[in-house]
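Report on one structure; see the data block that follows.
The values are calculated or read from the model by the stated rules, or taken from the named source; none is laboratory data. Every value quoted in this text rests on a predicted model; they were computed, and no experiment measured them. All Cβ positions, even for glycine, are placed from backbone atoms using ideal geometry, and neighbour counts span all protein chains on display.
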Amino acid sequence: MLSYNLILNHGNNLVYEALMTEEFVNEYICKCTISVNKNDNSWNISQWYANKNYQHQGYGRATMKYLVNALYNLYGVPNKLVYIWNNANEYVYDWIHLNFDAKISDSTLLVLKYSDEDIKEGHEYFLNIDKFFKYFGIGEEK
């Protein structure tokens, strides 16, 4: 079963979470979280993962598609789409680059070049919005 909820309303930032669950199973299959900034219609993807027993079976894609479609119906296409990658699982890094042309901003690259600190912006990857929506088949004419 797929469901999504507004889990946090903090001023101009709204945080939505989608869960895929199965009846009589005490854990979720997949979880996706996107925060929407109403001021500039930017979206930040902070969670997108399936539990280990459910990985590589399409559950993550189905859950994210469900959430993105719901947000698209509420807000339209975002002006900016950011994926927060925690530097774990190198295949995620490779995958977001391959599928969505993920990039760190030039200003962040300069800061990272001269800093030994782990800064928040170093985990923010800007995604190609057109490729992202095409991947899920959202917003395409029928």
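Below is a table of values for the structure above.
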quantity: Check on Ile7, closer than 19 Å to Gly139 by Cα and in a strand (DSSP E or B); calculated: no
quantity: Unmet criterion (only one of (1) out of contact with any Pro (no Cβ under 7 Å at 6 or more places or on another chain); (2) under 20 Å from His97 (Cα atoms)) for Ser42; calculated: (1)
quantity: Among (1) surrounded by 16 or more Cβ atoms within 10 Å (Cβ to Cβ); (2) not in a helix (DSSP H, G or I), the one test that Asp40 misses; calculated: (1)
quantity: Among residues of segment 1-50, those that are of a type in the set (S, T, N, Q) and more than 21 Å from Asn86 (Cβ to Cβ), counted; calculated: 8
quantity: Answer residue from segment 43-100, given it is over 17 Å from Thr33 (Cβ atoms) and small (Gly, Ala, Ser) and is surrounded by the most Cβ atoms within 10 Å (Cβ to Cβ) among those; calculated: Gly58
quantity: Exclusive hit being of a type in the set (A, V, I, L, M), in contact (Cβ under 8 Å) with a residue 40 or more places away in the chain, assigned to a strand (DSSP E or B) and out of contact with any Gly (no Cβ under 9 Å at 6 or more places or on another chain), set Ala62, Ala70, Ala18; calculated: Ala18
quantity: Filter result for Ile138 (within 20 Å of Glu17 (Cβ to Cβ), at pLDDT 80 or above, of a type outside the set (D, E, K, R) and assigned to a loop (DSSP other than H, G, I, E, B)); calculated: yes
quantity: Answer from His10, His56 - the residue that is within 20 Å of Glu124 (Cβ to Cβ) and either touching a Lys or Arg at 6+ places or on another chain (Cβ under 8 Å) or free of Cβ contacts under 8 Å to residues at least 12 places away in the same chain (or both); calculated: His10
quantity: Residue within segment 57-72 that is in contact with a strand residue (DSSP E or B) (Cβ under 6 Å, 6 or more places away or on another chain) and either of a type in the set (Lys, Arg) or at pLDDT below 90 (or both) present; calculated: no
quantity: Test: residue in segment 86-104 that is part of a strand (DSSP E or B), among the charged types (D, E, K, R) and without any contact (Cβ under 8 Å) to a residue 24 or more places away in the chain; calculated: yes
